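These notes are about the structure you will find just below.
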Amino acid sequence: MNQALKTVLPVKRKERQKEKKQVRLLISSAEAASLHAECERRHYTAQTKLLAELMECSPQSFVHLTKDLGIASSVIRNFEEKGVLRLEREFYYRNPVSHITQKKYEIRLNEMQKNLTKLILTEWDAGRAHTYLLHGVTGSGKTEVYMELIAHAAAKGKQSIMLIPEIALTFQTVRRFYERFGDRVSILHSRLSPAERWDQLERAKNGEIDIMIGPRSALFTPFSNLGFIMIDEEHESSYKSETVPKYHAKEVAIERAQMAGASVVLGSATPSVDSYYRALAGEYQLLEMDHRVQHKMLPECEIADLRAEMRAGNRSILSRRLQELIEDRLAKKQQVMLFLNRRGMAGFVSCRACGSVMRCPHCDVSLSQHKHGRLLCHYCGYEIPMVDKCPSCGSAYIGGFKAGTQKIQELTAQRFPQARILRMDYDTTRSKDSYEQILTAFSRHEADILIGTQMIVKGHDFANVTLVGVLAADMSLNVSDYRAAERTFQLVTQAAGRAGRGTEPGKVVIQTYQPDHFSIRAAQTQDYRAFYQEEILYRKLMHYPPVWNMLHILTACERQEDAAACMEQIAAWVQKELQKAGASGTWKQLQVIGPSDAPVAKIQDVYRKVLYMKHPDYLVLVKVKDFLEKKLRDLTEWKKVSIQFDFNPMNG
């Protein structure tokens, strides 16, 4: 309960309100002139200066008088006691978006956007709240649909929450919303100071704003009259909290909307398999936007086979085709984005000659390379020694794949010395306004090439970007995660969607060692349905979410043997119940995988073990969790072991 309350009430203490102080002259001009002459005659320099300022203009800023003119506050207080002037205090809220200028906003909806907003608003006006899945290709104008729905709700006195997956997207989203809605918009995110966060919550509570934009924490904005909750890029894993309480913003948003009689719109060019599965099952209402605004062409995607590049003697991180296209764009004064897919940096092991990846024979996930020279499956514990030759083709060119944005920046600068290059990753975005500074500089064409991790590929709209290079598309394809193909398709498609959003057509180069993988092929044509049909078959076959549900149990302790023993005990309890249930009980279909080491087996000298359970019925897994919690409460020997339960985890 404590952790839940801390999540919902994110400010620990009441912050002091900001105040603006002004000094107003109360006496007439003639009286002021007489007093000024008297002070001048007595050589009261500060009083003379103060009266001269106030006679010229009243009221005056207290800060200007004390800081700029050096008049002591005691002089002002003295005159206030004599009734010569009055010190006026005006309290105001800190506004983190006040630096944005509001412009005239032209609303131009095409037929497709009008039809969708009409459909949703007809239901909403009739009091029928729904959850909608808005599947629109990149550049189809989903944000305009969100804004139109929010504007309609605001006109009816209702408020809206606009969730975005991470802070990097805040800048561009807020600017578009502010241009249309002005001061009725605010933001909430972790880079705000506690005082700024407090003020935004107060403004929301007092009805001074209609729209709150931010990552998942913005979901708990204290709006009393909620109309809509929008979740943009709904497929993003950042909507799931990785710390206790491990809530998913999507589930909480739907629950909160039902309590408030509001509607939820989940939007994405690459919906999560989970959401699309639910939409096809009728839980959500599926709406589709199948073409770009003004019928602009989707970018043309080429696949660069890195195996062929290596055979041709190219050892560079940039394929020959990508280098050729970058040269062309620089000559035309057009911009380029290079996206490094860094997911799975822990190092899957692949063959540079044939592209095959070392995989677990039992779980169909890649094996991870560990420092002790062995390859390990994080799902079932399968383990083999590190190989020195490829089992498929016998090549000695086998090993882990590692590269960073900084290294790519150096290599790109060497290859294209004439290019102005910006880098956007965790290291370059640590300060409060760093996201905004980098994105603003790039949008003003102060740089030709933007290199970055996944934060550069989501939702950004740069009209002059005509080329996107996806470096190492396989990075996320070969992590130990059943969602690997889904994440790869999403990241590559989102990256490709940044190209050709202006008047010039876009081009995308996808560099990969596995050009024939279905997720890469589907991303090349931005064919979501083709990807989904193949991926859902795999999920059904392997009993993975969303077809089945999964319970993830983690034990963590500074003593490795205690973490292991506790997990063994949990597994033994479950196996015993399974034997008791036999072929009839509610647990009969329960599948138990593990225990084994967690994907990261030790963090800060704390050892971690995991156990997975799968079942088609979510409520059965809840019963398993309740049963285990009760068992653990009765035992004192595991007091020092941290035990966490997570349903349908996003990472693992």
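The values are calculated or read from the model by the stated rules, or taken from the named source; none is laboratory data. What you see is a predicted model, and the numbers here were worked out from it, not measured in a lab. A quick note on method: Cβ atoms are made from the backbone with ideal geometry, for glycine too, and the neighbour counts reach across all protein chains shown. Surface areas here come from the heavy atoms of the whole protein model, side chains and all, with no ligands, DNA or RNA. Shrake-Rupley method; radii C 1.70, N 1.55, O 1.52, S 1.80 Å.
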| remark: In segment 591-602, residues that are over 23 Å from MET542 (Cβ atoms) and either open to solvent by less than 40 Å² (accessible area, probe 1.4 Å) or modelled with pLDDT of 85 or more (or both) total 1
| remark: Selection from segment 537-563 of residues open to solvent by less than 10 Å² (accessible area, probe 1.4 Å) and of a type in the set (Val, Ile, Thr) yields ILE553, THR555
| field | Of all residues making up segment 536-549, the number that are part of a helix (DSSP H, G or I) and under 16 Å from ALA279 (Cα atoms) | value | 1
| Restricting the first residue to segment 1-13 and requiring it to be under 20 Å from HIS189 (Cβ atoms), which pairs with a second residue that is among the hydroxyl-bearing types (Ser, Thr, Tyr) and at pLDDT 60 or above meet a Cβ separation below 6 Å and a spacing of at least six or different chains? | PRO10/SER217
| request: Answer yes or no as to whether ALA4 is touching a Pro at 6+ places or on another chain (Cβ under 7 Å), loosely packed, with under 12 Cβ neighbours inside 10 Å and not in a loop (DSSP other than H, G, I, E, B). | output: yes
| said: For the structure I just gave you, tell me whether ARG498 is in a helix (DSSP H, G or I), in contact with an Asp or Glu (Cβ under 9 Å, 6 or more places away or on another chain) and either surrounded by fewer than 24 Cβ atoms within 10 Å (Cβ to Cβ) or touching a residue at least 24 places away in the same chain (Cβ under 8 Å) (or both). | reply: no
| request: Can you confirm whether segment 174-190 contains a residue that is part of a helix (DSSP H, G or I), out of contact with any strand residue (DSSP E or B) (no Cβ under 6 Å at 6 or more places or on another chain), aromatic (Phe, Trp, Tyr) and touching a residue at least 40 places away in the same chain (Cβ under 8 Å)? | output: no
| query | Among (1) on the phi > 0 side of the Ramachandran plot; (2) touching an Asp or Glu at 6+ places or on another chain (Cβ under 9 Å); (3) modelled with pLDDT of 90 or more; (4) not aromatic (Phe, Trp, Tyr), which single condition is ASP605 missing? | reply | (3)
| task | Sort out which residues of segment 326-367 are open to solvent by 20 Å² or more (accessible area, probe 1.4 Å), assigned to a strand (DSSP E or B) and either modelled with pLDDT of 90 or more or among the acidic types (Asp, Glu) (or both), and write them in order of number. | result | none
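Which of the following residues is touching a helix residue (DSSP H, G or I) at 6+ places or on another chain (Cβ under 6 Å) and open to solvent by 40 Å² or more (accessible area, probe 1.4 Å): LYS630, LYS609, LYS576, LYS588?
Working: LYS630 fails: touching a helix residue (DSSP H, G or I) at 6+ places or on another chain (Cβ under 6 Å); LYS609 fails: open to solvent by 40 Å² or more (accessible area, probe 1.4 Å); LYS576 fails: touching a helix residue (DSSP H, G or I) at 6+ places or on another chain (Cβ under 6 Å).
Being touching a helix residue (DSSP H, G or I) at 6+ places or on another chain (Cβ under 6 Å) and open to solvent by 40 Å² or more (accessible area, probe 1.4 Å) holds for just one of LYS630, LYS609, LYS576, LYS588, which is LYS588.
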| message | Quick check on LEU322: is it outside any helix (DSSP H, G or I), touching a residue at least 12 places away in the same chain (Cβ under 8 Å), within 28 Å of ASP461 (Cα to Cα) and under 30 Å from the mean Cα position of the chain (by Cα)? | response | no
| Just to be sure, is ILE520 closer than 23 Å to ALA269 by Cα and either at pLDDT 95 or above or open to solvent by less than 10 Å² (accessible area, probe 1.4 Å) (or both)? | yes
| Which condition number does ALA447 fail, the rest of (1) open to solvent by less than 10 Å² (accessible area, probe 1.4 Å); (2) out of contact with any Lys or Arg (no Cβ under 8 Å at 6 or more places or on another chain) being met? | (2)
| query | What tally of residues in segment 103-141 results from selecting those that are open to solvent by less than 30 Å² (accessible area, probe 1.4 Å), among the β-branched types (Val, Ile, Thr) and closer than 30 Å to VAL465 by Cα? | reply | 3
| All positions within segment 261-290 that are surrounded by fewer than 18 Cβ atoms within 10 Å (Cβ to Cβ) and either charged (D, E, K, R) or in contact with a strand residue (DSSP E or B) (Cβ under 9 Å, 6 or more places away or on another chain) (or both) | GLY261, LEU280, GLU283, GLN285, LEU286, GLU288, ASP290
| note | When LEU219 is run through (1) surrounded by 19 or more Cβ atoms within 10 Å (Cβ to Cβ); (2) in contact (Cβ under 8 Å) with a residue 60 or more places away in the chain; (3) not basic (Lys, Arg), the failure sits at (2)
| said: Residues that are without any contact (Cβ under 8 Å) to a residue 24 or more places away in the chain, under 21 Å from GLU486 (Cβ atoms) and among the acidic types (Asp, Glu): does segment 254-277 have at least one? | reply: no
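Condition first: outside any loop (DSSP other than H, G, I, E, B) and open to solvent by less than 100 Å² (accessible area, probe 1.4 Å). Now tell me which residues in segment 66-83 satisfy that.
Applying the first criterion (outside any loop (DSSP other than H, G, I, E, B)) to segment 66-83 yields 66-68, 73-81.
Passing the criteria: THR66, SER73, SER74, VAL75, ILE76, ASN78, PHE79, GLU80.
Yes or no, residue by residue, for (1) over 30 Å from ALA571 (Cβ atoms); (2) of a type in the set (A, V, I, L, M, F, W, C); (3) touching a residue at least 60 places away in the same chain (Cβ under 8 Å):
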| position | (1), (2), (3) |
| --- | --- |
| PHE489 | yes, yes, yes |
| THR493 | yes, no, yes |
| THR512 | yes, no, yes |
| ASP516 | yes, no, no |
| ASP527 | yes, no, no |
| LYS540 | no, no, no |
| GLU558 | no, no, yes |
| query | Among (1) open to solvent by 40 Å² or more (accessible area, probe 1.4 Å); (2) modelled with pLDDT under 80; (3) out of contact with any helix residue (DSSP H, G or I) (no Cβ under 7 Å at 6 or more places or on another chain), where does LEU411 come up short? | reply | (2)
| field | Matching entry among GLU302, GLU251 (being out of contact with any Pro (no Cβ under 8 Å at 6 or more places or on another chain) and without any contact (Cβ under 8 Å) to a residue 24 or more places away in the chain) | value | GLU251
